[in-house]
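Right, one structure below, let's go through it.
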Amino acid sequence: MAIPPPPGPQQPGGPYPQGPYQQPYGPGLPYRPWGQGYSPYNRPAPINGLAITALVLGILCFLPAVGLVLGLVALAQIRRRGERGRGLAIGGIVMSSIGLALFVTALATGGAHDFWDGVRDAARGDGVTFSVRKGECFDAPGGSLEGEAYDVDKVPCSGRHQAEVFADFTLPGGRFPGDDTITETADDRCYALRSAYAMDTWAVPADVDVYYFTPTRQSWAYGDRRVICMFGNTDEKGTLTGSLRRDATTLTGDQLAYLRADAVLYGALDSAPDAAYVEDDLPGHRRWAARVATALAGQTRQLRAHSWPGAARRPVTDQTSALDRAREEWARAAAAADADTFYVHYDRASALLEGRAAVTARKALGLAATPPSRDADDAGSAAGASDDAKQV
């Protein structure tokens with residue numbers, strides 16, 4: 001019976017079952033020797049942290065130059081310290097080199113600017129205003145110009161479209177002022193700016209109104225301060241066809257002269273009192289009539305000061321004479337003692353402003369020749385005035 005060899009030392013306790021105290025290894029060697037570079041319990045060498053970082057930056061193409069440098073440093077540390085991760089470091093170097101080459105190419109061709117613009121816009125989140133400019137038209141993918149919008153599809157203004165941008169402006173910086181304040185500002189400014197783009201008010205269809213995109217609380221935090229003003233159809237399913245732009249970029253000198261004189265009048269007409277009926281605010285309507293009479297005096301001066309081409313000279317002269325008579329009626333309305341008298345002169349004046357002489361003059365100048373339709377309140381007022389006029 002063979003005598004068993006004497007027992008070796010007991011294996012110390014711990015989490016590592018494979019330590020130096022194990023079964024004999026090879027002839028004459030009762031214990032496995034420790035490997036070079038390993039701890040007393042034969043733990044594997046650690047992975048170099050810079051190698052991992054270099055690989056991550058290389059894969060993500062984020063700061064490729066940094067990833068390249070870290071990969072080279074990691075290789076040097078691995079050789080010196082006996083750490084693992086050489087493959088990770090080499091992978092990071094390769095990926096970062098590719099990313100750096102792509103970045104240099106994009107920078108040379110201008111692609112980097114577009115890339116970072118995209119990153120910035122994506123970071124802003126919902127409700128961001130878009131890169132649509134004055135004179136451009138677009139469709140909203142959701143099919144509506146109301147609510148928050150995430151994107152728009154630019155389309156030619158010559159065809160059918162949902163909206164046409166006529167102005168934009170930038171809000172002052174500082175803390176977010178609140179949705180109500182921004183909306184009120186956008187409403188006031190956009191309505192004030194529309195006539196500078198669509199100078200021919202007769203060319204704006206009755207079913208077209210003003211809409212706008214405004215910054216949200218989220219986009220404000222990323223520096224968004226832009227308000228976009230646009231024309232859109234009041235029918236949610238309706239569209240626009242053709243551009244509404246009528247300004248110095250699309251009009252002749254004679255057309256501009258006529259419309260600039262018209263703008264003096266329409267600016268005063270837009271200052272009507274909030275009260276829909278004269279009976280509710282006679283003093284306010286009388287002051288309004290006085291403003292219109294003053295505006296008409298300025299309009300006729302401008303029309304007489306311009307040298308009109310032969311075909312338009314007589315029609316514009318006739319329209320100027322009609323405006324003189326309209327001014328007299330507005331002046332009488334401004335002095336009216338009661339609402340009934342006001343209606344009489346208001347009706348006579350309105351007929352002279354947009355009557356046959358105005359249509360003829362506009363046709364001679366190549367402008368829109370269909371008078372704009374009145375809203376319900378104006379129609380009611382005009383009807384009442386017509387009845388009173390017949391009784392005079």
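The values are calculated or read from the model by the stated rules, or taken from the named source; none is laboratory data. None of the values given here were measured: they were computed from a predicted structure. All Cβ positions, glycine included, derive from the backbone under ideal geometry; neighbour counts span all protein chains shown.
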Does ARG314 satisfy the condition of being touching a His at 6+ places or on another chain (Cβ under 6 Å) and surrounded by fewer than 19 Cβ atoms within 10 Å (Cβ to Cβ)? no
Take the residues in the stretch 157-177 that are more than 19 Å from ASP209 (Cα to Cα) and in contact with a strand residue (DSSP E or B) (Cβ under 7 Å, 6 or more places away or on another chain), then tell me which one is surrounded by the most Cβ atoms within 10 Å (Cβ to Cβ). LEU171
Quick one: would you say ASP235 is acidic (Asp, Glu) and within 23 Å of GLY366 (Cα to Cα)? no
Can you name the residue in the stretch 252-263 that is buried (at least 18 other Cβ atoms within 10 Å of the Cβ) and touching a Gly at 6+ places or on another chain (Cβ under 9 Å) and is also nearest to ALA203 (Cα to Cα) among such residues? GLN255
Quick check on my filter: what residues within the stretch 351-361 are touching a residue at least 24 places away in the same chain (Cβ under 8 Å) and touching a Ser or Thr at 6+ places or on another chain (Cβ under 9 Å)? ALA357, ALA361
Need pairs with beta-carbon distance below 8 Å; first residue over 11 Å from ALA196 (Cβ atoms) and within the stretch 238-252, second among the small types (Gly, Ala, Ser) and outside any loop (DSSP other than H, G, I, E, B); sequence gap 6+ or separate chains. LEU240/ALA163; LEU240/GLY232; LEU244/ALA198; LEU244/ALA203
Please go through the stretch 284-302 and pick out each residue that is within 15 Å of VAL316 (Cβ to Cβ), touching a residue at least 12 places away in the same chain (Cβ under 8 Å) and more than 38 Å from the chain's Cα centre (by Cα). THR300
Hits in the stretch 298-351 - residues which are aromatic (Phe, Trp, Tyr) and not in a helix (DSSP H, G or I): TRP308
Have a look at ASP151, ASP200, ASP179 and point out the one that is of a type in the set (D, E, K, R) and at pLDDT 95 or above. ASP200
Here are the criteria: (1) among the polar types (S, T, N, Q); (2) in contact with a strand residue (DSSP E or B) (Cβ under 9 Å, 6 or more places away or on another chain); (3) within 30 Å of GLY178 (Cβ to Cβ). Tell me which single one THR241 does not satisfy. (3)
Checking the conditions here, which among ASP180, ASP224 is outside the structural domain of SER373 (by TED's automatic domain parsing) and either surrounded by fewer than 19 Cβ atoms within 10 Å (Cβ to Cβ) or part of a helix (DSSP H, G or I) (or both)? ASP180
